[in-house]
Amino acid sequence: MPGRLLLVDDEDDIRAVASVSLERVGGWTIVQASSGAAAIAAAQSDGPFDAVLLDFMMPELDGPATLSRLRQGPLSPDVPVVFLTAKVQASDRARLAGLGAAGVIAKPFDPMRLPDELARILAG
Amino acid sequence: MREAPLPDNEQARLAALRALAILDTPQEERLDRITRIASAYFDVPICLVSLVDENRQWFKSCVGLEVRETPRTVSFCAHAILSDDALVISDSHADERFHDNPLVTGPPHVRFYAGQPLSAPGGEKLGTLCVIDHRPRRLDAAQLGCLRDLAAWTENELANAELASAVGDLRESEARLRAIMESVAEAIVTFGSDGRVLTANPAAEAIFRVPAERLVGGPVDSLIEGADWTQISRRLELPADESELAIVGRRQAVEGRRRDGSIFPLELVVSEAPVHGSRLFIGVGQDITERTQSERLKDEFISIVGHELRTPLTSIRGSLGLIAGGVMGELAPEVREMLGLAVDNADRLGRLINDILDIERMQSGRAELSCVPLPANGLVADSIRIVQPIADECEVTLSAEVSPGATVTADADRIVQTLTNLINNAVKFAPARTSIAVGAERTGDEVVFSVRDSGRGIPADELDLVFERFHQVDASDAREKGGTGLGLAIARSIVEQHGGRIWAESREGQGATFCFTLPACPSEGEPAPAGTEGPARVGEPAPAGTAGRARVGGGEAGA
């Protein structure tokens, strides 16, 4: 069930596309962050969130580092985090999931299917 | 009687004689045949190879005498060795040096004596080849020449000419080998079955930064990070073709340890040779620091290219998708059609990027394989499930024909990728309302996978070419069927990296069958091949010890 989602990606264009998709197709309420640090700040001030969609490769704090900082307090442990990544191998997905994320969505994604894919991961 | 004076070089002469190590050795045919020939040729009752020792003359070979030695004081030969030329006494009775010599006045009654000095390789006179008669004789020039020839032959035998030349050859070949050992860039370290270093070449000194004299005698496992001789010695026994843990005959990447404790990537090949009944191991190592660095740079480059291409594509594909999906408002039919083209081609570009990065990694051998035992039916079922939606769209039936119990050792993701590629291809070229059979069958120690369609088939001269990159049987195929032209090339790379083969069979007009093999995994109750210890995981550090780190890292970093 869609709720509030924190969308973290350093690429403005990708955030724009993803938020239109998730808001208009998926019915989510989106809060955007353009870096790991901004994500941590948003989690502290704009929460609570029902899910986080987190870019894997970002300058300074990357996806895994951001995730571990988020888990140290700003984000409740029961909030699922899904990586967004340009890595495509299934074996890579397994490794990424091992970092404590609920799942992985590959770039480029189909914006008409993105909300479904996210829902499927969140449903476990 | 006059005793012979000592030669000027007497000490050197005696040393040369001793060096032959021939005094008091048994008679030998190779010298006896010379005295026999000489005695017959000169028609004399006595012929000797006499060696003049410190206080005696000793006969290495003799015809016509019972004794093997006489005192030097009465020796004719002691006189003969004072000159380069033969000493010829035609009649001892008429020679004041010998007329009262006991050997003249008593047995063996030497009346005539001709002795040609025998020289050591260094020129020292060792003794003579001499012929003796009981009556006065003269030798003509031809006979003297013959005596010289026979003496030269004797000298050769004494110096054991053949052995000497063999030793010379050996020295030469040893010098050549040493020159090679000393000039190669690879470290060459030999060690015995006790784990101690026997030899190390200059490259080994340079690579491990330790003088050879400190290496030799030391433990060979100290050169490899994390190595332990107990484990190594066990793994040295494993046959290369049967065990991932084998050392002998397998090229492997390990970490070398320098004397200062620093470590570096080392590519190592160990071979074994029996030497004098014991085992000699030869380790040839190469410092691959530079190669590893350039591989890392290439990996980084590929990772960056992959990321930089996909990021804008994500935005393009995303915006197009949202517009085409009607999210931004209703669209005129023509606009929808054009957007459809744009979306399809953005998708195709995405697949192309994935395939190009994929094939680059597979063909450079930098893709990691996680090989585990996998039942073939699971692989086939997974692949069919993935392609099923496309097959449904094309009205093509997919069926599985897997012989029970067929199990392979493979990387699941990669094999599903291969099968999906092949099935996808078949679906694209199969006419509607036909079926595609996906099979897996155990044959010997491999499992043969097959994907059979009843499409238009492939001309015989194209059967091998279809696996080339960007090869299409019909130039219009790629666009029409939405492929990247890399699917079969990727499939071949994956199969070959698993140690399998891939091929296509077809009769034009009667469909095509794509087959590939993978090494079979012994099923339960079947003995595992000797030396294997559980599932092999290529691309991971071997259990503590030296062995194979097939390849570390590689591939793309995340985005």
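The values are calculated or read from the model by the stated rules, or taken from the named source; none is laboratory data. Owing to the predicted nature of the structure, the values given are computational and were not obtained by experimental measurement. Glycine gets a Cβ as well: all are built from the backbone with ideal geometry, and neighbour counts include every protein chain shown. For the accessible areas, the whole protein counts, side chains as well, though only heavy atoms, and no ligand, DNA or RNA atoms are used. Shrake-Rupley method; radii C 1.70, N 1.55, O 1.52, S 1.80 Å.
Can we say B:Gly318 is among the small types (Gly, Ala, Ser), modelled with pLDDT of 90 or more and closer than 16 Å to B:Ile188 by Cβ?
No: the conditions fail for B:Gly318.
For B:Arg351, indicate whether it is open to solvent by 30 Å² or more (accessible area, probe 1.4 Å) and within 12 Å of chain A (Cβ to nearest Cβ).
For B:Arg351, the condition - open to solvent by 30 Å² or more (accessible area, probe 1.4 Å) and within 12 Å of chain A (Cβ to nearest Cβ) - is met.
Could you list, in sequence order, the residues of the range A:41-54 that are crowded, with 19+ Cβ neighbours inside 10 Å and either within 14 Å of chain B (Cβ to nearest Cβ) or over 13 Å from A:Val79 (Cβ atoms) (or both)?
Within the range A:41-54, A:Leu53, A:Leu54 meet the criteria.
How do the strands (runs of 3 or more DSSP E) wholly within the range B:59-171 filter down when requiring 3 or more residues that are within 16 Å of B:Ala4 (Cα to Cα): which remain?
Those strands (runs of 3 or more DSSP E) span B:87-89, B:112-119, B:125-133.
Residue pairs, Cβ under 7 Å, 6 or more apart or interchain, first in the range B:301-313 and touching a residue at least 12 places away in the same chain (Cβ under 8 Å), second assigned to a helix (DSSP H, G or I) and open to solvent by 50 Å² or more (accessible area, probe 1.4 Å). List them.
B:Leu313/B:Leu349
Being of a type in the set (A, V, I, L, M) and open to solvent by less than 20 Å² (accessible area, probe 1.4 Å) is the filter; apply it to the range B:300-319 and report the residue that is farthest from the other protein chains (Cβ to nearest Cβ).
So the residue we want is B:Ile302.
Return the pair list, or none, for Cβ contacts closer than 8 Å from residues in the range A:54-73 that are on the phi > 0 side of the Ramachandran plot to residues that are of a type in the set (A, V, I, L, M, F, W, C) and part of a helix (DSSP H, G or I), at least 6 apart or on different chains.
Cβ pairs passing all conditions: A:Glu60/A:Ala37.
How many residues are in a helix (DSSP H, G or I) and more than 30 Å from B:Arg257 (Cα to Cα) when one looks only at the range B:287-332?
Number of matching residues: 23.
Quick check on B:Val104: is it open to solvent by less than 30 Å² (accessible area, probe 1.4 Å), more than 60 Å from the chain's Cα centre (by Cα) and of a type in the set (A, V, I, L, M, F, W, C)?
Yes.
Which members of the range B:200-222 meet the condition of being in a helix (DSSP H, G or I) and either open to solvent by less than 40 Å² (accessible area, probe 1.4 Å) or under 19 Å from B:Ile288 (Cα atoms) (or both)?
Those that are in a helix (DSSP H, G or I) and either open to solvent by less than 40 Å² (accessible area, probe 1.4 Å) or under 19 Å from B:Ile288 (Cα atoms) (or both): B:Pro202, B:Ala203, B:Ala204, B:Glu205, B:Ala206, B:Ile207, B:Phe208, B:Ala212, B:Leu215, B:Val220, B:Asp221, B:Ser222.
For the range B:144-181, give me each residue that is touching a helix residue (DSSP H, G or I) at 6+ places or on another chain (Cβ under 8 Å) and at pLDDT 90 or above.
B:Cys146, B:Leu147, B:Leu150, B:Trp153, B:Thr154
Return a yes/no flag: does the range A:86-101 have any residue that is within 11 Å of chain B (Cβ to nearest Cβ), more than 26 Å from B:Ser319 (Cα to Cα), in a loop (DSSP other than H, G, I, E, B) and at pLDDT below 90.
yes
Quick check: is even one residue across the range B:96-106 in contact with a helix residue (DSSP H, G or I) (Cβ under 8 Å, 6 or more places away or on another chain), within 18 Å of B:Pro45 (Cα to Cα) and either touching a residue at least 40 places away in the same chain (Cβ under 8 Å) or polar (S, T, N, Q) (or both)?
So far as the range B:96-106 goes, no, none of its residues is in contact with a helix residue (DSSP H, G or I) (Cβ under 8 Å, 6 or more places away or on another chain), within 18 Å of B:Pro45 (Cα to Cα) and either touching a residue at least 40 places away in the same chain (Cβ under 8 Å) or polar (S, T, N, Q) (or both).
If I filter the range B:357-406 down to residues being in a helix (DSSP H, G or I) and β-branched (Val, Ile, Thr), which single residue comes out as most open to solvent (accessible area, probe 1.4 Å)?
The residue in question is B:Ile386.
Limited to the range B:121-151, what total is found for residues that are surrounded by 14 or more Cβ atoms within 10 Å (Cβ to Cβ) and small (Gly, Ala, Ser)?
Qualifying residue count for the region: 2.
Looking at (1) at pLDDT 95 or above; (2) within 14 Å of chain B (Cβ to nearest Cβ), find the lone condition where A:Gly63 falls short.
Among (1) at pLDDT 95 or above; (2) within 14 Å of chain B (Cβ to nearest Cβ), the lone unmet condition for A:Gly63 is (1).
Just one of A:Ser76, A:Ser68 is surrounded by fewer than 21 Cβ atoms within 10 Å (Cβ to Cβ), hydroxyl-bearing (Ser, Thr, Tyr) and assigned to a loop (DSSP other than H, G, I, E, B); which is it?
A:Ser76
Restricting attention to the range B:1-17, report how many residues are under 49 Å from the mean Cα position of the chain (by Cα) and over 15 Å from B:Asn160 (Cβ atoms).
Matching residues across the range B:1-17 total 2.
Would you mind stating whether B:Ser454 is of a type in the set (Ser, Thr, Tyr), open to solvent by 50 Å² or more (accessible area, probe 1.4 Å) and within 25 Å of B:Glu508 (Cα to Cα)?
yes
Return the residue satisfying two criteria in turn: it lies in the range B:272-299 and is touching a residue at least 40 places away in the same chain (Cβ under 8 Å) and of a type in the set (Asp, Glu), and of such residues it is farthest from the other protein chains (Cβ to nearest Cβ).
Of everything passing the filter in the range B:272-299, B:Asp287 is farthest from the other protein chains (Cβ to nearest Cβ).
Quick test for you: out of B:Val254, B:Val248, pick the one residue that is open to solvent by 20 Å² or more (accessible area, probe 1.4 Å) and of a type in the set (Val, Ile, Thr).
So the residue among B:Val254, B:Val248 that is open to solvent by 20 Å² or more (accessible area, probe 1.4 Å) and of a type in the set (Val, Ile, Thr) is B:Val248.
Let me confirm something: among B:Val88, B:Val67, which residue is on the phi < 0 side of the Ramachandran plot and surrounded by 18 or more Cβ atoms within 10 Å (Cβ to Cβ)?
Residue meeting the stated conditions: B:Val88.
What is the number of the single condition among (1) among the hydrophobic types (A, V, I, L, M, F, W, C); (2) in contact (Cβ under 8 Å) with a residue 12 or more places away in the chain; (3) buried (at least 16 other Cβ atoms within 10 Å of the Cβ) that A:Ala37 does not meet?
Unmet condition: (3).
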